Amino acid sequence: MLNQLLTEMDGAGSKKNLFFIGATNRPDILDEALIRPGRLDQLIYIPLPDKPSRLNIFKANLRKSPVHPNVNMDFCSDLTDGFTGADITELCQRACKAAIREAIAAEEERRRLAADAGDGLDAEMDENIEDPVP
């Protein structure tokens, strides 16, 4: 794949307004042929998000989700120091899925208890009905 990429980049050398942009979270393993001058020769480091950025990532990910007022997103942004934006997004998605599962389980339990209470009530009503004596 590297050879194909280098061939494509070298073949596009005559184009003046063409930019190749690559991204990696492992710049230490990039092949030297790929990052030599004239190819991908400028490395720009983008650091992990700071606390305000993490807070904004939480807000952006959860803006369409109902969040309980007791959830302190500022505290969540403190706990996620060292997380990437993708990590926080995954965390939010998992939390939403877990909340949906809990809501479904709670509704099923509520319905089961209501059905059990209804059965018990019917049994009590049956006991209170006196059979006519023949």
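The values are calculated or read from the model by the stated rules, or taken from the named source; none is laboratory data. Just so you know, these numbers come straight off a predicted model, no measurement behind them. Neighbour counts are summed over all protein chains in view; Cβ atoms, including those assigned to glycine, are modelled from backbone coordinates with ideal geometry.
Given the conditions (1) in a helix (DSSP H, G or I); (2) touching a helix residue (DSSP H, G or I) at 6+ places or on another chain (Cβ under 9 Å), which single one is not true for Asp31?
Failed condition: (1).
For the stretch 42-55, what are the residues that are in a helix (DSSP H, G or I) and surrounded by 15 or more Cβ atoms within 10 Å (Cβ to Cβ)? Working first, answer last.
Pass one, the stretch 42-55, residues in a helix (DSSP H, G or I): 51-55.
Within the stretch 42-55, Arg54, Leu55 qualify.
When the stretch 80-90 is examined, which residues are found to be hydroxyl-bearing (Ser, Thr, Tyr) and either closer than 12 Å to Leu55 by Cβ or in a helix (DSSP H, G or I) (or both)?
Of the residues in the stretch 80-90, the ones hydroxyl-bearing (Ser, Thr, Tyr) are 80, 84, 89.
Result: Thr80, Thr89.
Here is a check on your reading of the model: is Ser77 in a loop (DSSP other than H, G, I, E, B) and either surrounded by 15 or more Cβ atoms within 10 Å (Cβ to Cβ) or in contact (Cβ under 8 Å) with a residue 24 or more places away in the chain (or both)?
Numbers: in a loop (DSSP other than H, G, I, E, B): no; either surrounded by 15 or more Cβ atoms within 10 Å (Cβ to Cβ) or in contact (Cβ under 8 Å) with a residue 24 or more places away in the chain (or both): yes.
So Ser77 fails the test.
All but one of (1) at pLDDT 95 or above; (2) over 20 Å from the mean Cα position of the chain (by Cα) hold for Leu91; state the number of the condition that does not hold.
For Leu91, the failing item is (2).
If we scan the stretch 26-35, do we find a residue that is under 26 Å from the mean Cα position of the chain (by Cα) and either assigned by TED's automatic domain parsing to the domain that holds Lys97 or surrounded by fewer than 11 Cβ atoms within 10 Å (Cβ to Cβ) (or both)? Can you show your working first?
In the first step, residues of the stretch 26-35 are kept if they are under 26 Å from the mean Cα position of the chain (by Cα); the result is 26-27.
Among the residues that remain, those that are also either assigned by TED's automatic domain parsing to the domain that holds Lys97 or surrounded by fewer than 11 Cβ atoms within 10 Å (Cβ to Cβ) (or both) are: 26.
Looking for residues that are under 26 Å from the mean Cα position of the chain (by Cα) and either assigned by TED's automatic domain parsing to the domain that holds Lys97 or surrounded by fewer than 11 Cβ atoms within 10 Å (Cβ to Cβ) (or both), one finds at least one in the stretch 26-35, hence yes.
Answer with yes or no whether Pro69 is free of Cβ contacts under 8 Å to residues at least 12 places away in the same chain, closer than 30 Å to Lys97 by Cα and assigned to a loop (DSSP other than H, G, I, E, B).
Values: free of Cβ contacts under 8 Å to residues at least 12 places away in the same chain: yes; closer than 30 Å to Lys97 by Cα: yes; assigned to a loop (DSSP other than H, G, I, E, B): yes.
Here the answer is yes, as Pro69 does meet what is asked.
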